[in-house]
């Protein structure tokens, strides 16, 4: 089946604002792309791209002061199959996680981390550990 994806973000910046986006179709899906997901900005600004350690395409730009729009549309082939389910997957205690996974537990400035724990516990605290919680 064909799957259309895209986004249309609008920002109001009071000064030049450096931005980093991870919005492109993952490199693992490159063979499935029919119409590429080219990022378009209005007004037009230079957009630099690089691939991170996980194969994600990252885009860097500096948004100008005022209204700024970022958009893209793409078309890709998709099997339509559901993601794999692993009900036997267990949840590991934080102290048992490998060192190289701890970076994914660090707070982000893009999320109100002081508010998130209460929301997470309210939403998921009563669910069984493991796959069901995912």
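Per-structure values
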| quantity | calculated |
| --- | --- |
| Gained length - residue 2 relative to residue 124, 0.36 nm times residue gap less alpha-carbon distance | 40.6 nm |
| Spacing of the two label points (7 Å from each Cα toward its C-beta) at residue 102 and residue 78, in nm | 3.7 nm |
| Distance (nanometres) between label positions extended 7 Å along Cα→Cβ at residue 10 and residue 114 | 3.1 nm |
| Helical contribution to [θ] at 222 nm, DSSP H n ≥ 4, -39,500 (n - 2.57), averaged over the chain, rounded to 500 | -2000 deg cm²/dmol |
| Residue exposure sequence - 7, 110, 50 - by fewest surrounding Cβ within 10 Å | 110, 50, 7 |
| Net length gained if the chain between residue 89 and residue 31 were fully extended (0.36 nm per residue, minus Cα distance) | 17.9 nm |
| Shape call, the chain: gyration tensor on alpha carbons, a/c limit 1.5 | oblate |
| Distance from the stretch 49-79 to the stretch 14-45 (C-alpha centre basis), Å | 2 Å |
| Residues in the stretch 1-15 reached by a label modelled at residue 71 [backbone nitrogen below 17 Å; 7 Å Cα→Cβ] | 4-12 |
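No lab work stands behind these numbers, since they all come straight from the coordinates. None of these values were measured; they are calculated from a predicted model. Cβ atoms come from the backbone with ideal geometry, glycine included; neighbour counts cover every protein chain shown.
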